[in-house]
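Note sheet for the following structure.
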């Protein structure tokens, strides 16, 4: 008995963990397809306007094993498949393969048109995981004499995987989890029932004990006005009921709403109650922030909720209207993610979905700037996570995307919106999109810098150098062509080779946190642009993100804190339970709900509204990686007028804890080596480490992994 | 009553014919996917080794109409869809749309991952057909003010269609028709039943009144030896039967066979009879040939049957083994098709399936020469059919394929097989594939000539000129680098910049019918290569096709007739009921069945075995188009030793009838303007036209469309 147990235990100890695997990007592209084609507009299918790619339909997976003992593997596949052992196909459509001891190659080849070919292989030691190699083109053929071809040019990638560790739950069946949430209040009228869930939410509406014969229409509203507007509510469901026995009924499509108005159009349909299945992504909240200011705490919490709602299969723009994956929007979510979930799969999944497949036929989301954000997002991803593998695998797709850009430069080597390109920049009334726009060149330069970095990682040294030169050239042009000494700023654009008179905030604020300006230019820009009310104001949280980041990067935390309180606080004053796509304090009443020429066109829960998460984590708690994956990082906490604050910043290897009051800093390292940077009038004191005096009241303290420090300062 | 009838008739008279439409190439690529992934090898799934492409998953279809009266259209779609009238989506998932009188734009946007998005629209005057425009990337978005974007860069193609004229029979449900064929004989043994269908066939085996419990194995054989070989038969089905009530059972996968051996492995399974559902393409046999020689008639008939069996969803290589679509094989089927079915859809469908989608990651079928055949097949297709539209629509895919080739030239501007490329040429023992092979350069030159022609048609004048220059350069190099005055022939290859000593038939025979040689070179090549037994012999019907074509092109019809009789007649002597993949008269017995290192590896029904169809139509009946689509053509009949022959050659506009005996020629024109070219010792006589005397016994007669001529000559 004991012997048997020990044998069993022995086997368990050896058993490896298998997971479903696929060609990297393919599951992600399929999932994006499904997600983005779920949009409806007034009960009508509303798909994206850009090219949607698809998975490779035929895939070869292989691994090479060296077994001490023979074992039998079990294979599950999504698609029609075959199994080869050492190049020989195994007869019949079996799911099991006996692998003798010794060195062997195992291939599984899968064909699937409807969803990405995927496999799950479980043996005692042989398991499917991302050490397996995959190719959509094995080029392995047999000549007339029976000889196998040369496959030296076949390109393999490491398989993609996530958390599909159950053979019965394959990738194509993936769904986000849900939980039941009750309504907060219900107002029953003659032919309608208005239900309030108390705050913005997302999921599947549920009608309890629905019965009768007749038609119902469910109008969803992020605002009460929208739910009550039968003519203008953006989303609705029409139900044709013929049900004698009362039965709970869950709507098939998820919606965003706070209110629903259920209208009985005809017949005698009835229901008892209304609830909803709240649908959410299973990510863990790791970042945290609390402080002495209750309004800031409220803003942080609503930001967190806003990001939570928009963190789904992918980082999406907003939950009501399109639920599409937009590169510029996602870029901000990535940054917020590094200060909240630190969930790499959601970042890479979103980046893969956005990039799609070759050939490149348009900019990402058709938007010039969104292509650039995609490149820059890779730069940041690497800095925060240190994930080289992602870059090694996706560098070819980065290259073809950049080739597309380079092929569309104008005669001055600059990028402008060509026919069919959308030059977005921001939603801003009257903003000129003509000619060569400084902001686009700045993003282009940063994109080329990213390419240089990634070429290096992918061991493409020649191109690393070439991209570096191109980046330097564009960066130089940004200054030689757009800097205006009189205006002490970069102008907005050049048209027909001449500077325009217009100065906007965009290029000027990016120049600061990209660190492209000299110190003198920074100060000039701050005074003449950022703090200058005669420059067109920004009315989207999207660009306020960067505007406030630029000011934070220049140490204007007290100013930014007040801005946050008035801008995000302004939305809260208007009853926001999540942050909006656009907010212009000058508007009144229902004006706040309109956009895109529609009464309720605006999204009241937009990811880009959640930027306080990022600003508070990066510029108040002050934690910033300085080498990839937090191998080194700095902590430069700034109270910005608060009495105290405390919080957590996640890293690849645990969370960094930061507490600061006007006289004390407490910090716990988690990963790599940190440097605490702070100012003090008196000589600060720390028992746990040696504080270095950097002069002029500046001090530094080295933070080691896992160690806690308390610093007394003044 | 009469009034009502006339109204009804009036409506019928107006009703247009709708057909299912899709993005051109997408249905074809999907169908190729399905077809090529049906291969099994000893009951094991055996997919291709090259990249398989897929359809675009999201498609926008539109048309612009100008209605005198309003009408309501009905929409069927394969996929989730929406309908827009003048840019406005129609609420709800309706299948009908009311279109008011006047000018309107109708859009249908469809999403489908599993099969190509397709629609069928039927109204009184509005119907889906290939006048509709399609795009996978409409780039149509709405800005914050509600304004629609500029879509001037959106690229539309005309929709693809075929013959799906029934809304209930959408493209994804396409299947070839079948008909029941009985077995010819049945030998019942103790535990097995051997069934003979009398000749090579293809389809789904049917067991009548199958019942009992136990296992059956069905071994298929193109030969009796194969069916009886449980260890080496290439295809088999395993059945696990548990059936109390007798029931007919049809195998799910089609197979190629003449014999089947049904073996009861265990249990007590029984069946009454065996038949099969013969599966065939619904194409019409238009070409015909009969003559005074019964062996040639037999060869022609078996060729026809061989081509019929290999003409399926696509022109495939052979019905037993892979049933894949191979460019070099298909190229010959296209040519045979022009002298038999003249079925354009099967040609274009095959070309589209072979080309697949961008990006190009390998040669077609991974084979260098097969890429070139693909280009050249477009050239021929245009010459025979005059179909400019196909070229206009597919020119971009031709360009990207050629870009791939151009990017892989060596330092001498020549093409050689790089790592991962398969240089096929032919199945021939010891054939060198090293270095720069003359044959490949010749195909390359012809491909560039095709590109020049197509660039012209696609109105890409600059590239037309560029391709023309490139073609001339390669053509010049073929002669300057490979022509060997001593050998009076092109040598096989150059290795390390030096001519090799080897002379093979390949480049030399193509040079003749490409008309690249001078008259002197032709004669030299004929003597020193084609009729020279010391040059390695060709043992595949594949290359015999070109060898005999070269000889025919030089007027060697009597010699070729004898070659046909001995080579194809040789297979018939060995009992062939269809023509083979390879035939070497020197082999004995079961040696004829082996290939690829396998006992029954050889295909006994290979499309390339059917070339007598082409040779007899083109070089004996002698009908050749000289301007695209038979706008002009020549008829140069050659008896080649026959007493008489008669036949039909199809054209886009009817069949040309040709009869010739040693003293009479009868001909009926069908299309464009023909010129009969013939020799006569005496002055020939024709009542229906005026014969022009061209000197030296050469005469010409103009053949007008639809007119018949009888010429007496000697």
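For the range A:442-467, residues that are farther than 13 Å from residue A:391 by Cα and out of contact with any helix residue (DSSP H, G or I) (no Cβ under 6 Å at 6 or more places or on another chain) total 4. Against the test of being at pLDDT below 95 and in the same structural domain as residue B:275 (by TED's automatic domain parsing), the options B:199, B:190 yield a single qualifying residue, B:190.
Just to be sure before I move on: is residue B:273 away from chain A (no Cβ under 14 Å), in contact with a strand residue (DSSP E or B) (Cβ under 7 Å, 6 or more places away or on another chain) and touching a residue at least 12 places away in the same chain (Cβ under 8 Å) in the structure I sent? Answer is yes for this residue.
Within the range A:101-123, the residues that satisfy the criterion of being over 25 Å from residue B:236 (Cβ atoms), out of contact with any helix residue (DSSP H, G or I) (no Cβ under 6 Å at 6 or more places or on another chain) and away from chain B (no Cβ under 14 Å) are A:101, A:102, A:103, A:104, A:105, A:120, A:121, A:122, A:123. Residue selection: residue B:354 fails the criterion of being within 18 Å of the chain's Cα centre (by Cα), in the same structural domain as residue B:326 (by TED's automatic domain parsing) and more than 22 Å from residue B:35 (Cα to Cα). Strands (runs of 3 or more DSSP E) fully within the range B:632-698 that include at least 1 residues being under 22 Å from residue B:549 (Cα atoms) and in contact with a strand residue (DSSP E or B) (Cβ under 8 Å, 6 or more places away or on another chain): B:632-635, B:644-651, B:654-661, B:673-679.
Within the range A:401-444, the set of residues being more than 12 Å from chain B (Cβ to nearest Cβ), within 23 Å of the chain's Cα centre (by Cα) and surrounded by fewer than 21 Cβ atoms within 10 Å (Cβ to Cβ) comprises just one member, A:405.
In the set B:329, B:301, only one residue is in contact with a helix residue (DSSP H, G or I) (Cβ under 7 Å, 6 or more places away or on another chain) and away from every other protein chain (no Cβ under 14 Å); that residue is B:329.
Count of the range A:13-47 residues, restricted to those that are touching a strand residue (DSSP E or B) at 6+ places or on another chain (Cβ under 7 Å) and part of a loop (DSSP other than H, G, I, E, B), is 13. For the range A:501-520, the tally of residues that are surrounded by fewer than 19 Cβ atoms within 10 Å (Cβ to Cβ) and under 22 Å from residue A:433 (Cα atoms) stands at 2.
The residues in the range A:49-68 that are farther than 20 Å from residue A:134 by Cβ and more than 7 Å from every other protein chain (Cβ to nearest Cβ) can be counted, and the count is 3. As for the range A:587-607, it holds no residue that is within 16 Å of residue A:710 (Cα to Cα) and free of Cβ contacts under 8 Å to residues at least 24 places away in the same chain. With respect to residue A:454, determine if the residue is closer than 15 Å to residue A:372 by Cα and surrounded by 21 or more Cβ atoms within 10 Å (Cβ to Cβ). The answer is yes for residue A:454. I'm trying to understand the selection: among the residues of the range A:108-125, which are closer than 20 Å to residue A:65 by Cα and surrounded by fewer than 21 Cβ atoms within 10 Å (Cβ to Cβ)? Scanning the range A:108-125 gives A:122, A:124, A:125. Summed over the range B:433-461, the residues that are out of contact with any strand residue (DSSP E or B) (no Cβ under 6 Å at 6 or more places or on another chain), in contact (Cβ under 8 Å) with a residue 40 or more places away in the chain and under 17 Å from residue B:496 (Cβ atoms) give a count of 1.
A count restricted to the range A:133-163 and to residues that are surrounded by fewer than 21 Cβ atoms within 10 Å (Cβ to Cβ), away from every other protein chain (no Cβ under 13 Å) and not in a strand (DSSP E or B) stands at 2.
Any residue that is more than 7 Å from chain B (Cβ to nearest Cβ) and assigned to a helix (DSSP H, G or I) - is there at least one of those in the range A:69-85? No, because not a single residue in the range A:69-85 is more than 7 Å from chain B (Cβ to nearest Cβ) and assigned to a helix (DSSP H, G or I). Scan the range B:482-508 for residues that are under 20 Å from residue B:535 (Cβ atoms) and either assigned to a helix (DSSP H, G or I) or free of Cβ contacts under 8 Å to residues at least 40 places away in the same chain (or both) and jot them down. Once the filter is applied, which keeps residues that are under 20 Å from residue B:535 (Cβ atoms) and either assigned to a helix (DSSP H, G or I) or free of Cβ contacts under 8 Å to residues at least 40 places away in the same chain (or both), the range B:482-508 yields B:482, B:483, B:484, B:485, B:486, B:499, B:501, B:503, B:505, B:506, B:507, B:508. Among the residues of the range A:392-400, is any surrounded by 23 or more Cβ atoms within 10 Å (Cβ to Cβ) and farther than 29 Å from residue B:143 by Cβ? No, there is no match, as no residue in the range A:392-400 is surrounded by 23 or more Cβ atoms within 10 Å (Cβ to Cβ) and farther than 29 Å from residue B:143 by Cβ. Across the range B:18-30, a minimum of one residue is classified as under 18 Å from residue B:323 (Cβ atoms), more than 10 Å from chain A (Cβ to nearest Cβ) and touching a residue at least 40 places away in the same chain (Cβ under 8 Å).
Going by what's in this entry, would residue B:56 be described as surrounded by 18 or more Cβ atoms within 10 Å (Cβ to Cβ), modelled with pLDDT of 95 or more and out of contact with any strand residue (DSSP E or B) (no Cβ under 7 Å at 6 or more places or on another chain)? Yes, satisfied.
The values are calculated or read from the model by the stated rules, or taken from the named source; none is laboratory data. In this text, all values refer to a predicted model and were calculated from it rather than measured experimentally. Neighbour counts are summed over all protein chains in view; Cβ atoms, including those assigned to glycine, are modelled from backbone coordinates with ideal geometry.
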